[in-house]
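Heads up: the structure comes next, in structure tokens.
The values are calculated or read from the model by the stated rules, or taken from the named source; none is laboratory data. These figures come from a predicted structure and were not determined experimentally. As a convention, Cβ positions derive from the backbone with ideal geometry for all residues, glycine included, and neighbour counts pool all protein chains shown. Just the protein is used for accessible areas: all its heavy atoms, side chains included, with ligands, DNA and RNA removed. Shrake-Rupley method; radii C 1.70, N 1.55, O 1.52, S 1.80 Å.
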Amino acid sequence: NEEYLIIEAVFQVVSMATTTGFATTDFSNWPHFLPFMLIYLSFIGACAGSTGGGIKVIRIVLLAKQAIRELKYLVHPKAVIPIKLKKKIVNNKVLSAVWSFIAIYMATSALLS
């Protein structure tokens, strides 16, 4: 019986992370924090190149790196701090596109829910 519960939990996590929409259980019977955790997981449940519906992990990484850069700018306002991925500098146009995508994603998510 415990094996079944573990398999069911793994299936639900994978289903939410990949935004496939499959469900095999009623979430209302779960502790309240678990459905919220699954929803947050669906936001970043896809990697670059995948067809998952969430925000891609690479975009989350870029947002985190930009947030760290902005904090560094508070200490050193005249510094030139490039954001790098795999030792390559990310163009500011790419960062602007990521921010635009996130804003549109959040706005449409709020409207649809």
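How large is the translational diffusion coefficient of region 20-63 in µm² per second when you combine the Kirkwood radius over alpha carbon pairs with Stokes-Einstein at 4 °C and 1.567 mPa s? Translational diffusion coefficient: 111 µm²/s.
Put the Cα centre of region 82-113 next to the Cα centre of region 1-70 and the gap is 19 Å. Every pair of different Cα atoms in the chain enters the Kirkwood calculation, which places the hydrodynamic radius at 16.5 Å. In order along region 8-25, phi translates into HN-Hα couplings of 5, 5, 4, 4, 5, 5, 5, 4, 6, 5, 9, 6, 7, x, 7, 9, 10, 8 Hz, rounded to whole numbers, per the Karplus curve 6.51 cos²θ - 1.76 cosθ + 1.60 with θ = phi - 60° and x for Gly and Pro. Taking trypsin sites (Lys or Arg not before Pro) as candidate sites, keep only those in a DSSP loop with at most 11 other Cβ atoms within 10 Å, then name the longest stretch of the chain containing none of them. Excluding the exposed sites themselves, the longest stretch runs over 1-77. Note on LYS84 and ALA48: the model spin-label points, each 7 Å out from Cα along the C-beta direction, lie 1.6 nm apart. Taking θ as phi - 60° and the Karplus parameters 6.51, -1.76 and 1.60, the scalar couplings of region 57-67 work out to 4, 5, 5, 5, 4, 5, 5, 5, 5, 5, 4 Hz in sequence order, x denoting glycine and proline.
The residues of region 1-85 expose, per residue, 72 Å² of accessible area to a 1.4 Å probe. Across the chain, Cα pairs under 8 Å and at least six residues apart give a relative contact order of 16 percent.
One equal scatterer on each Cα of region 46-105, no solvent, Debye formula: the resulting log10 I(q)/I(0) at q = 0.17, 0.21 Å⁻¹ is -0.62, -0.88. Just going by the charge dipole of region 28-113, with Lys and Arg at +1 and Asp and Glu at -1 on Cβ, which of VAL80, GLY52, TRP99 is farthest out on the positive end? The one lying farthest along the dipole's positive direction is VAL80.
Evaluating 6.51 cos²θ - 1.76 cosθ + 1.60 at θ = phi - 60° for every residue in region 90-107, the Karplus couplings come out as 8, 5, 5, 5, 5, 5, 5, 5, 5, 4, 4, 4, 4, 4, 5, 4, 5, 5 Hz, glycine and proline recorded as x.
Once all protein chains are placed together, VAL80 keeps about 130 Å² accessible to a 1.4 angstrom probe. With a 1.4 Å probe and all protein chains left in place, how much of the accessible area of the chain comes from carbon and sulfur atoms, in whole percent? Percent of accessible area from carbon and sulfur atoms in the chain: 70.
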